[in-house]
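The values are calculated or read from the model by the stated rules, or taken from the named source; none is laboratory data. Quick caveat: nothing in here was measured; it's all calculated off a predicted structure. We place every Cβ from the backbone using ideal geometry, glycine too, and count neighbours over all the protein chains shown.
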Amino acid sequence: MGSLGVKFWGTRGLVSSPRPETAIFGGNTPSVQVLYRDHLVLIDTGFGCANIGDELMARILQRRERLTIHIFYTHFHWDHVQGLPFFKPIYFDSTTLNIYAPCATEHTLQNLDILFDGSYSPFESLMTMQAKVNLHQLSGALELDGMRISYQAVDHGISLPHEDCYAYRIEAEGESVTLITDHEARNSQKNKDLVDFAAGSDLLIHDGQYTAEEYLKRKGEGHSSVEQALDNARKTGAKLTLLTHHDPSRNDKDLQALHRAMMRIPRFRPVRFEFAREEIVYAVARAKTLSEAG
Amino acid sequence: MSMKLRLLGVRGSRPTHKRHLLGYGGNSTSFELVLDDEKFHLFIDGGSGLAARGHALGESPKKSRFHVLVTHTHWDHILGFPFFQPLYNPKNSISFYASNTTRSTFKELFFGLQRRGNLPVPVGRLKAKVAFNSVGPGEPFTLENKVKVDTFQLNHQGVTLAYRLTYGNDSCAIVTDNAPIERGNYLGEGMREAAAGREEEFEKEFNEGLVRFLAGAHTVVFDTHFREANLKPDWGHSTPARALAFCRDAGVSRLILSHHAPEDSDEQVDDKLQSVFHDACHGGIEVEAAREGDLWDLSA
């Protein structure tokens, strides 16, 4: 019985969108927790990471645990980093924070330090926070506590060509999760390579920010339409696909209507997918079971 | 001739989403002053609450003038600006009013939000005519000969300004963010120097100054992030009891408790309100808890 899964602490792209109409799917900017045994692993630190940070406080304060937390960054757009100064474990010297990205550590530091700048926050810099912060440059796949973590560049659009953005694949005990965010799944070599990268994943997390009509006005901006995401999902053969990075304007009812509309499209019938919901656990084991049940 | 106050975002520190707090709202600080002139737009701060409002405004092709007062440049008060749709309409003019600090001008920090590699929307789409006006504490100014703006430096990092707005008989003051000034807790730029050797006098001056500042307002929105029990003065925020004390001394008609802590559920905000309700009634002040979407009259 496997133990790999994910929990979304934020599913909203670009800017926080909390309101009663987004209660179900969520309004925090993205942060995905990889669940594997008792490890603490996050991909990106949008504002959603502050909520898991708050939950970890009981372990730090009452149980006096020394936490080691691993954070992997896909890229450094505000919505994917802005929660870090509000992630409470960072205020404690008992915390060790390992930060990973596929670029030079100076680049990572530069992009995270701005969040702690004294003009924008009551802090000074990332490295003057109480936690022990270790920056790592990823180079090839990483073996970490029984997980194998690999990465691949995504297509972040022609409007934003100067920064790389990466997909991650996590494998453990024969199970796998691939996360593809801020990727524009149009017909390109990069997309083909990504589909190969994600092929055979049990869980696929994929950017699905736009409807088809919206995408026509947003070509080249680095996000996928739901149809493009589902076409990728079909090609990878994932047992469960979770669409995320919901557009700020998208209400719960809109996502539900979109889900119904996609299921009416014949080529998407065999694709098992959901729009990702905040604070819900999606386990590989359960996805496998549902998939086998047909 | 009337001015009303709309609450676009009432959450402090950071925007947040959790089902138990959506009643009062999770968007971070932003306010709108609504005048009977529909071409005149006035906002205070650009927390995430401004992004949602901008979405509604942005669709409109009408040429409009926007004024945005900025209290200070902490993330929760400015992160919504890049998503404010009117900035992308070439027909619009948008004027920002903010203080500069010794570290930085507001203009530098505003464009800092658009850093390549950090801005999630394509840079260069900002098409409106944007102007930056430097304002200081105790330096009043008027917007389009309509709204008079008075300013006061608050006890918070940088040069954080309270704004008092007056339009005819309608007035309000926005006091966010502000910490108790007792026992050497001087957070604002220049305060430590001004207080040196005369702390007691300085603190008295500050408190009396704030009361005088509030006395001109019908409605006051005040930072009430903490309760007395969990107050951390050096974090830069205040409590309902202290907000009420200032408003009572100033003779204000209505106090709106705002800057709700991101950890606070709707129930906890209810409790916060109840904790000062009785005393407020005694003092003849109407007290409310800020709720996203509320629209308030600003006259008797």
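Only strands (runs of 3 or more DSSP E) wholly contained in segment B:183-300 count here; list those with 2 or more residues that are closer than 30 Å to A:GLY118 by Cβ and either away from chain A (no Cβ under 14 Å) or touching a Phe, Trp or Tyr at 6+ places or on another chain (Cβ under 6 Å) (or both).
Details: elements: B:219-223, B:254-258, B:286-289, B:295-297.
Because the criterion is at least 2 residues that are closer than 30 Å to A:GLY118 by Cβ and either away from chain A (no Cβ under 14 Å) or touching a Phe, Trp or Tyr at 6+ places or on another chain (Cβ under 6 Å) (or both), the strands (runs of 3 or more DSSP E) in segment B:183-300 that meet it are B:219-223, B:254-258.
Tally time: how many residues in segment B:139-154 are loosely packed, with under 12 Cβ neighbours inside 10 Å and under 21 Å from B:PHE222 (Cα atoms)?
So the count comes out to 1.
What tally of residues in segment B:107-146 results from selecting those that are part of a strand (DSSP E or B) and within 14 Å of chain A (Cβ to nearest Cβ)?
So the answer is 0.
Here are some conditions: (1) within 11 Å of another protein chain (Cβ to nearest Cβ); (2) free of Cβ contacts under 8 Å to residues at least 12 places away in the same chain. B:HIS156 meets all but one. Which one does it not meet?
(2)
Go through segment B:77-106 residue by residue and tally those that are in a helix (DSSP H, G or I) and either within 7 Å of chain A (Cβ to nearest Cβ) or over 21 Å from A:LEU112 (Cα atoms) (or both).
Residues that pass the stated criteria total 5.
So, in segment A:84-111, of the ones that are within 24 Å of A:ILE60 (Cβ to Cβ) and hydrophobic (A, V, I, L, M, F, W, C), which residue ends up farthest from the other protein chains (Cβ to nearest Cβ)?
Ranking the qualifying residues of segment A:84-111, first place goes to A:LEU97.
Could you name every one of the helices (runs of 4 or more DSSP H) located completely within segment A:182-288 that has at least 1 residues being among the polar types (S, T, N, Q) and buried (at least 20 other Cβ atoms within 10 Å of the Cβ)?
A:189-198, A:226-236
If I filter segment A:36-83 down to residues being assigned to a loop (DSSP other than H, G, I, E, B) and hydrophobic (A, V, I, L, M, F, W, C), which single residue comes out as farthest from A:PHE116 (Cα to Cα)? Explain how you work it out, then say what you get.
Narrowing segment A:36-83 to residues assigned to a loop (DSSP other than H, G, I, E, B): A:37-38, A:44-48, A:62-67, A:73-77, A:82-83.
Add one more test, that the residue is hydrophobic (A, V, I, L, M, F, W, C), and what stays is A:47, A:67, A:76.
Numbers: A:PHE47: 14, A:LEU67: 21, A:PHE76: 14 Å.
Ranking the qualifying residues of segment A:36-83, first place goes to A:LEU67.
Of the conditions (1) modelled with pLDDT of 95 or more; (2) of a type in the set (Gly, Ala, Ser); (3) loosely packed, with under 14 Cβ neighbours inside 10 Å, B:SER99 clears all except one; give me its number.
Going through the list (1) modelled with pLDDT of 95 or more; (2) of a type in the set (Gly, Ala, Ser); (3) loosely packed, with under 14 Cβ neighbours inside 10 Å, B:SER99 breaks only (3).
(1) within 14 Å of chain B (Cβ to nearest Cβ); (2) in contact with an Asp or Glu (Cβ under 7 Å, 6 or more places away or on another chain): which one isn't true of A:LYS219, the others all being true?
(2)
So, restricting to strands (runs of 3 or more DSSP E) that lie completely within segment A:112-175, which ones have at least 1 residues that are more than 14 Å from chain B (Cβ to nearest Cβ) and closer than 30 Å to B:SER104 by Cα?
Details: elements: A:132-137, A:142-144, A:147-153, A:166-172.
Filter on segment A:112-175 gives A:132-137.
Going through segment B:2-17 one residue at a time, which ones are surrounded by fewer than 20 Cβ atoms within 10 Å (Cβ to Cβ) and either among the basic types (Lys, Arg) or touching a helix residue (DSSP H, G or I) at 6+ places or on another chain (Cβ under 7 Å) (or both)?
Those that are surrounded by fewer than 20 Cβ atoms within 10 Å (Cβ to Cβ) and either among the basic types (Lys, Arg) or touching a helix residue (DSSP H, G or I) at 6+ places or on another chain (Cβ under 7 Å) (or both): B:LYS4, B:ARG6.
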